[in-house]
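Take this structure, written in structure tokens, and hold onto it; I'll ask about it next.
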């Protein structure tokens, strides 16, 4: 089953995730600092992108996902405010997160053999 | 209710832990916390999760990845973070639902498993484990992160 979802990333969304995540790293909210570090802007939290990717696992596998889901994510490039983040899955269990500059994260969603 | 911010040391509280200070194999301090329905709801809003995907036999469960907001606290309580840490990859394995209609007492634990250098940068790999108060395994994660060798100063 292939799935696709588009998300318009905003600083407000990053800030909201930062509040629940309890993360105070200024790379997530200080634009000037992020630029000085060589990024296009502030970075969303990698685990935030993971949250969108994980939802695809639940959508694909239903209740089994909560008992034996396996989610692998490799973060490749940042997701910044203003990016159109596209989450896609393929029939071979691959999951990707893409922005206009390329692949932001890739991984897999599958079920473990054992429970 | 235990918010992740109640558990996680701030990146600007101390100079943080340089890569060479992470001890391979040493158990991280146990981290008990209470995961409440309010935290689950706030997390689901933050990642725009579809609650209908997490209903089992009519009962609402949490997205198992709600534990992601607590994961780094396990490590950071043992090794206070530097500014500038960047996560590179993570592998999650989910074992049992966390019910969203009740408070769940959870214990986090883990250990650093590897420290290595790649292209002149220092990385650590570690495992975090989450069990329910009664010992039931909920989830585990193996995470790799880049750890700056020095603290990045805000201009």
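Would you please give the FRET efficiency between residue B:30 and residue B:10, computed as 1/(1 + (r/R0)^6) with r the Cβ-Cβ distance and R0 = 30 Å, to the nearest 0.05?
0.90
Tell me the relative contact order for the range B:23-146 as a rounded percent, counting alpha carbon contacts under 8 Å between residues six or more apart.
Values: 227 pairs, mean separation 40.2, N = 124.
So the answer I get is 32 percent.
Å³ per residue of the Cα convex hull, for the protein assembly as shown?
Working: hull volume 33.9 nm³, N = 270.
Measuring per residue, one finds 126 Å³ for the Cα hull of the protein assembly as shown.
In nm, to one decimal, how far is the modelled label at residue B:45 from the one at residue A:112, with both set 7 Å along Cα→Cβ?
3.3
For the residue pair residue A:6 and residue A:86, what label-to-label distance in nm results when each label sits 7 Å from Cα along the Cα-to-beta-carbon direction?
0.9
Divide by every residue of chain A the summed helix terms, -39500 (n - 2.57) for each DSSP H run of at least 4, and state the resulting mean residue ellipticity at 222 nm, rounded to the nearest 500 deg cm²/dmol.
Values: 4 runs with 38 residues, N = 115.
Helix contribution divided over all residues of chain A: -9500 deg cm²/dmol.
So, one more: Along each of its three principal axes, how wide is the spread of alpha-carbon positions in chain A, in whole angstrom units, largest first?
Extents along the principal axes, in whole Å: 47, 28, 19.
According to a simple spin-label model (label point 7 Å from Cα along Cα-to-Cβ), what is the distance in nm between residue A:74 and residue B:118?
It is 0.7 nm.
Round to the nearest 10 and give me the degree value, 0 to 90, for the angle of helix B:68-78's Cα axis relative to the longest principal axis of chain B.
40
Additional query: Give me the inter-chain shielding for A:69-76: mean count of other chain Cβ atoms within 10 Å, whole number please. Show your work: numbers first, answer last.
Working: counts 7, 4, 10, 6, 7, 6, 7, 2.
Taking all residues of A:69-76 together, the mean is 6.
Mind checking the angle between helix A:11-21 and chain A's longest principal axis? C-alpha axes, 0 to 90 degrees, to the nearest 10.
For helix A:11-21, the angle is close to 60 degrees.
Which angle from 0 to 90°, rounded to the nearest 10, does the C-alpha axis of helix A:46-61 make with the longest principal axis of chain A?
Compared with the principal axis, the helix lies near 20 degrees.
Would you list A:74, A:4 from fewest to most Cβ contacts within 10 Å?
Numbers: A:74 16, A:4 10.
With the fewest neighbours first, A:74, A:4 line up as A:4, A:74.
Sort B:50, A:25 by Cβ crowding within 10 Å, fewest neighbours at the top. Each step should come with its number before you reach the end.
Working: B:50 11, A:25 22.
Exposure proxy ranking, most exposed first: B:50, A:25.
Right, next: Can you show me the helix-derived [θ] at 222 nm for chain B, built from DSSP H runs with n ≥ 4 at -39,500 (n - 2.57) apiece and divided by the number of residues, rounded to the nearest 500.
Working: 3 runs with 25 residues, N = 155.
After summing the helix terms and dividing by residue count, I get -4500 deg cm²/dmol.
Quick one: give the max-minus-min coordinate of the C-alpha atoms of the range B:23-146 along each principal axis, largest first, in Å.
In descending order, the Cα extents are 51, 30, 22 Å.
Using the number of other C-beta atoms within 10 angstrom as an exposure proxy, rank A:28, A:45 with the fewest first.
Details: A:28 20, A:45 25.
The order, fewest Cβ neighbours first, is A:28, A:45.
Bear in mind that the values in this text are calculations on the coordinates, not laboratory data. All values reported here derive from a predicted model rather than from experimental measurement. When we count neighbours, we look across all protein chains shown, and the Cβ atoms used for this are built from the backbone with ideal geometry, even at glycine.
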